[in-house]
Structures are given as C-alpha cells and as structure tokens.
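Below: the structure, in structure tokens.
The values are calculated or read from the model by the stated rules, or taken from the named source; none is laboratory data. Because the structure is predicted, anything quoted here is derived from the model rather than measured. Note that each Cβ is placed from the backbone with ideal geometry, even for glycine, and that neighbours are counted across all protein chains shown.
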Amino acid sequence: MIGDASQDVSNSADSFAGNFASTTQNAAQSQTASTACLICSGSVQVQFLGQDSDTNQYADSDADADQDATNVAGLIGESDQTADNSASSEATNDAST
C-alpha cells in the first residue's frame, strides 16, 4: 500500500471525592442551693447532661474516558487523525453539627 498515516490521540480522566465534616459540642452546668429549711439537714441536688452527635458522610466519584482510534491509510494518499477525549467527575460532602 502506498501512503502515510499519522495519528495523535489524547485521553484523560480525573476524579475527586471529598468529605468535609466538623462536629462541635459545648455544655455548661451550674447549680446553687441554699438550706432554708429548718428541719432539713441539707439540700439534695441532681444534675445530668448528655450529648450525642453523629455525622456520617459518603462521597463517590468515577471518571471514565474510553477511546478507540483507528487510522487506516488509503491505497494512495495520506490519512491524518486527531482524537481528544476527557472525563471529569467530582463528589463532595460538607456537614456541620
């Protein structure tokens, strides 16, 4: 066969998955009691403080760039081909509790 064939092919895939979470908890308690009862020997005080914080995150990112490039030179002549292909994917989660 007579002829030239040239081919330039580019292919790329980028993927990012990120989770950004912050959890902040603060608690304060104070208690004051005075014994004003003449028949009582003291005061009874009870305090309870409970905290619970759950933060669940999931991020999934897929990027696929599939490419097939075929270049066949003819019987007489030239065959040029340029093929570019790209794929991007991003998944993020932001949470504050």
TODO: Check Phe16 against each of (1) of a type in the set (A, V, I, L, M, F, W, C); (2) at pLDDT 85 or above; (3) in a loop (DSSP other than H, G, I, E, B) and name the one condition it does not meet.
DONE: (3)
Task: In region 39-97, the residues that are in contact with a Gly (Cβ under 8 Å, 6 or more places away or on another chain), under 30 Å from Ala13 (Cα atoms) and modelled with pLDDT under 85 - done: Ala73, Ser79
